[in-house]
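As C-alpha cells, the structure follows; a few thoughts come after it.
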Amino acid sequence: METIHKIGRRKTAVARVYLSEGKGEITINKKKAADYFTTGPLLYKVNQALELTDNAGQFDLNINVFGGGITGQAEAIRLAISRAMCELDPENRSILKPEGLLMRDPRMVERKKFGQKKARKKFQFSKR
C-alpha cells in the first residue's frame, strides 16, 4: 500500500495527513499526538474517525499542521483523517457522513470594518 495524502482545513488551520500501514503511531509536527494535544477532547477529535471505522492501531499517521489555534488544528486533522479513511475504503463514507466528519466547517473570523471598533462592535456613540 502506498502512502495516502489528504488535506483538511478549519478556520485558518491546514492539516496534511500522510497515512501508511503500520502500528498505529500518530506523529503531529514530529511530536507524539499525546504530547502535541494535551487535553482529552482534542485527542478524541483526532482519533474519532479511526475509532468509528475500527482502524485504530492499523495505520501510521504522519501529520503536518499549521495555522490557527489548537482546536482548529484538531478539527482540521479530523477532517483530513476522515477523507483518508474514505479513500481507503468507500464503505467508510456511510459511517463517517452521518457523524458530520466529512463536512468542511466554513465558519471563519469576520473581518474588522473601518469606522468600527471590531467586526460588529461600533465605537461608543455620544449624543452631546
Of everything in the stretch 66-123, what is assigned to a helix (DSSP H, G or I) and either farther than 20 Å from LYS45 by Cα or among the basic types (Lys, Arg) (or both)? Give them in sequence order. ARG78, ARG83, ARG93
Going through the stretch 2-39 one residue at a time, which ones are without any contact (Cβ under 8 Å) to a residue 12 or more places away in the chain and either surrounded by 14 or more Cβ atoms within 10 Å (Cβ to Cβ) or closer than 17 Å to GLY57 by Cβ (or both)? LYS32, ALA34, TYR36
Looking at the stretch 27-46, is at least one residue acidic (Asp, Glu) and either part of a loop (DSSP other than H, G, I, E, B) or under 18 Å from ASP105 (Cα atoms) (or both)? no
For the stretch 37-58, check the following and say yes or no: at least one residue is over 15 Å from MET85 (Cβ atoms), in contact with an Asp or Glu (Cβ under 9 Å, 6 or more places away or on another chain) and of a type in the set (D, E, K, R). no
Scan the stretch 16-64 residue by residue and report those that are farther than 20 Å from ILE95 by Cα, basic (Lys, Arg) and under 14 Å from the mean Cα position of the chain (by Cα). ARG16
Please determine whether any residue of the stretch 103-112 is surrounded by 16 or more Cβ atoms within 10 Å (Cβ to Cβ) and within 17 Å of the chain's Cα centre (by Cα). no
Looking for something surrounded by fewer than 18 Cβ atoms within 10 Å (Cβ to Cβ) and not polar (S, T, N, Q) - is there at least one such residue anywhere in the stretch 68-75? yes
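Rule-based calculations on the coordinates, nothing more; no lab input. From a predicted model like this one, the values you see are computed outputs, not experimental measurements. With ideal geometry, Cβ positions are generated from the backbone for all residues, glycine too; neighbour counts draw on all protein chains shown.
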